[in-house]
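All remarks here apply to the structure that follows.
The values are calculated or read from the model by the stated rules, or taken from the named source; none is laboratory data. Keep in mind the model is a prediction, meaning the values are calculated, not measured. Positions of Cβ are backbone-derived with ideal geometry, glycine not excepted, and every protein chain shown enters the neighbour counts. With ligands, DNA and RNA removed, areas are computed over all heavy atoms of the protein, side chains included. Shrake-Rupley method; radii C 1.70, N 1.55, O 1.52, S 1.80 Å.
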Amino acid sequence: MAKGSGKKGSAMRGIGPFGRPSRVIPKESLRNLLEVLRLRGYTLIGPTVRDQAIVYDEISSPQELPIGWTDRQGPGTYRLERREDDAFFGFVVGPQSWKKFFFPPAQRLFQISRDGKEIHTTPDPVQTRKRALIGVRPCELRALAIQDRVFTGGAYVDGSYRRLREDVFILAVNCGEPAATCFCASLDTGPQVTDGFDLAITEVIEGTRHEFIVHVGSELGARVLEAVPSREATDADSATEREIVQRATRRMSRALERSQLKELLYRNYESPRWDQVAARCLSCANCTMVCPTCFCSTVEDVTDLSGDHAERRRLWDSCFTMDFSYIVGGSVRASTRARYRHWLTHKLATWQDQFGVIGCVGCGRCITWCPVGIDLTEEVAALRGRESPDGGSGAIQENHHDRTES
Amino acid sequence: MPGKRRPKLAVWKFASCDGCQLSLLDCEDELLDVAGALDIAYFPEATRSVQPGPYDLSLVEGSITTPHDAERIHQIRRDSRQLISIGACATAGGIQALRNFKDVREFTRIVYASPQYIETLRRSTPIAEHVRVDFELRGCPIAKHQLIEVISAFLNGRKPNVPTYSVCQECKRQGVVCVMVAHGTPCLGPVTQAGCGALCPSYHRGCYACFGPKETPNIPALSQWRRERLGASDLEILRSLRTFNAAAAEFERESIRHEHQNHPG
């Protein structure tokens, strides 16, 4: 299984990062490719349309992919729209991330029962199966690599995560069109995959041409691809692919300036900007729930009426709740100001001290799925703007949001 | 629990629709366990057999709306070791707290032929405004699983797992697509306490705030977004907050603000 090694692979030209030539398959062969995976015992999980959004769920064929759909995104808004072509992957990322498959939103850890004086503990087995993730975006690969590091990288390994992460085949997709909320290019986390996949594809639609350029990222990926008729990619194909990815970069309207990011946040712990964002923030926790790297959980112990049975559950938690920082005497971060500041500072600054990378991959989910459209790139720009001699562009954006109801 | 005296349970009703105490009878799978663990000593909705107090656990449904009830709740408190108020009426005053925003005497004059016989209070108020309450269980109606959880916690001497964060967390854990962001449907989920299991959003409806304001809600920010981005009027925002939890402090404050904006001066 391919896993993010953290190091950058070679740029994809004619030769893929796994040292094999890139191949080209017609769109019809996507079905064969998925069939090969199914025959190898993989459950296919991929993007599919549900409730006017693109979610990740079990699929049985490429027909269940969001063919001909795209997502129009902005701060606090997401709409599906019809495309003019039949693209299989003509959208970006939706409300869910792949983390739900490896770090389940709710999970029973064990049960305890009392039988007279005897106490029995029954751990819940982690149900694993071979899973093929279809259509993982470059930013999402980086997010998986970050969560791998968080859950399995240190001295204390999360056994459940590790088991669920085993036997995972990754079919990654390079991005041709960013959403308005994307900013991966500024973080070097997209729009092109570098490593951490078994196969990576770029969808090419030009006039009547509809093909996939396929890169091999692992031995397993190579064996799967061998079972599907393909041709070798030409220099022209590589040029086409470069143009597709470069176009995505050019069209990306948002950016997160990385230089001195940690220092910026550490310097601005008492910035008045936190009060301004706190006036808008609902502390509803949506940003942390949709974030592909946020990893916090809480455990709760529950007894039944008799008191003879108890169980422990693990649930997704968020630093935006009062309970999250509750200790004797109350919550440490009682104000929304403190909670937003904690989230952003952890994501972009203390995360670096903790894990060596920033905790943001530029997918833009927290911007789109914030019910009031708070934009972390704007918040960082505003912090920078306050520091620059002329007040910077951030100050201009601030005024827009400073409007209060009379 | 053989050999042990079962704690005595009493279920009381004030101004309410009975829906919350019905939730207890609705606990079909757990009802026998409840009856096994607790001695149901006073529960007129379920049985005519009545035992005198004191009671170990009192569940109180409904709001205080009459001088008589304002007296009665004090006797119940004296008779109860632990008192848990259940439902939006008991925890926030209920839908009948809409009277709080008007002159209730005007209503009685319009509705009743002989309003002089109506003895009612100017405001409908939650139980906690009158006596000390050990725990407030929110909801209109309360969620069955939360009621069982609170009773289990009481029986086992532990803190109930009843989160006070937003409905959004339930939506996201369940994989429900956000109706506000993806469909433009007005939703009070981001300012409403979890507990219902995101019932309405999972049926593509906005949240109606049956469980009242969440911890540290920022309602003005949500209102501003609804007005500027979703095209809601002050009247629509006002009405969305004037429902089962209209008199919950944060909802009341925000709805009054929009009332003033809707009818300036």
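Details
- Close pairs (7 angstrom Cβ cut-off, 6 or more residues apart or separate chains): away from chain B (no Cβ under 14 Å) and crowded, with 16+ Cβ neighbours inside 10 Å in region A:262-286, at pLDDT below 95 and assigned to a helix (DSSP H, G or I) anywhere: A:S271/A:R386; A:R273/A:R386
- Filtering region B:170-208 to residues that are of a type in the set (K, R) and within 22 Å of B:Q224 (Cα to Cα) leaves only B:R205.
- Cβ-Cβ under 7 Å pairs, at least 6 apart or on other chains, region A:315-327 side without any contact (Cβ under 8 Å) to a residue 24 or more places away in the chain, far side assigned to a helix (DSSP H, G or I) and open to solvent by 10 Å² or more (accessible area, probe 1.4 Å): A:D317/A:F324
- Residues within region A:300-326 that are β-branched (V, I, T) and under 31 Å from the mean Cα position of the chain (by Cα), tallied: 1
- Inspection of region A:141-159 identifies at least one residue that is exposed (fewer than 15 other Cβ atoms within 10 Å of the Cβ), assigned by TED's automatic domain parsing to the domain that holds A:F212 and part of a helix (DSSP H, G or I).
- Residue in region B:62-69 that is within 18 Å of B:D134 (Cβ to Cβ) and within 14 Å of another protein chain (Cβ to nearest Cβ) present: no
- The one condition from (1) assigned to a helix (DSSP H, G or I); (2) open to solvent by 10 Å² or more (accessible area, probe 1.4 Å) that A:V126 does not meet is (1).
- Criterion applied to A:E311, A:E379, A:E405 was being open to solvent by less than 20 Å² (accessible area, probe 1.4 Å) and either modelled with pLDDT of 95 or more or in contact with a helix residue (DSSP H, G or I) (Cβ under 7 Å, 6 or more places away or on another chain) (or both), and the one residue passing it is A:E379.
- Filter result (open to solvent by less than 40 Å² (accessible area, probe 1.4 Å) and either aliphatic (A, V, I, L, M) or assigned to a loop (DSSP other than H, G, I, E, B) (or both)) within region B:217-241: B:P217, B:N218, B:I219, B:A221, B:L222, B:A232, B:I237, B:L238, B:L241
- Pairs linking a residue in region B:197-222 that is away from chain A (no Cβ under 12 Å) to a residue that is aromatic (F, W, Y) and buried (at least 24 other Cβ atoms within 10 Å of the Cβ), with Cβ atoms under 6 Å and 6 or more positions apart or on different chains, are B:C210/B:F244.
- Condition broken by A:D71, with the remaining ones in (1) surrounded by 19 or more Cβ atoms within 10 Å (Cβ to Cβ); (2) under 26 Å from A:V126 (Cβ atoms); (3) charged (D, E, K, R) satisfied: (2)
- Among the residues here, A:L187 does not qualify as under 27 Å from A:E35 (Cα atoms) and open to solvent by less than 50 Å² (accessible area, probe 1.4 Å).
- Region B:50-65: number of residues that are assigned to a loop (DSSP other than H, G, I, E, B) and out of contact with any Asp or Glu (no Cβ under 6 Å at 6 or more places or on another chain): 5
- Residue satisfying condition, being part of a loop (DSSP other than H, G, I, E, B) and within 24 Å of B:V176 (Cβ to Cβ), within set A:P178, A:P104: A:P104
- Among residues of region A:189-212, those that are in a loop (DSSP other than H, G, I, E, B) and without any contact (Cβ under 8 Å) to a residue 40 or more places away in the chain, counted: 2
- Selection of region A:337-365 for residues being assigned to a helix (DSSP H, G or I) and open to solvent by 20 Å² or more (accessible area, probe 1.4 Å) yields A:R337, A:R341, A:H342, A:H346, A:T350, A:Q352, A:D353, A:Q354, A:F355.
- Once region B:165-176 is narrowed to residues that are facing chain A (nearest Cβ under 7 Å) and open to solvent by 10 Å² or more (accessible area, probe 1.4 Å), the residue that is nearest to the chain's Cα centre (by Cα) is B:Y165.
- Checked against the criterion of being more than 8 Å from chain A (Cβ to nearest Cβ), open to solvent by 50 Å² or more (accessible area, probe 1.4 Å), more than 17 Å from B:E254 (Cβ to Cβ) and assigned to a helix (DSSP H, G or I), region B:177-186 contains not a single residue that satisfies it.
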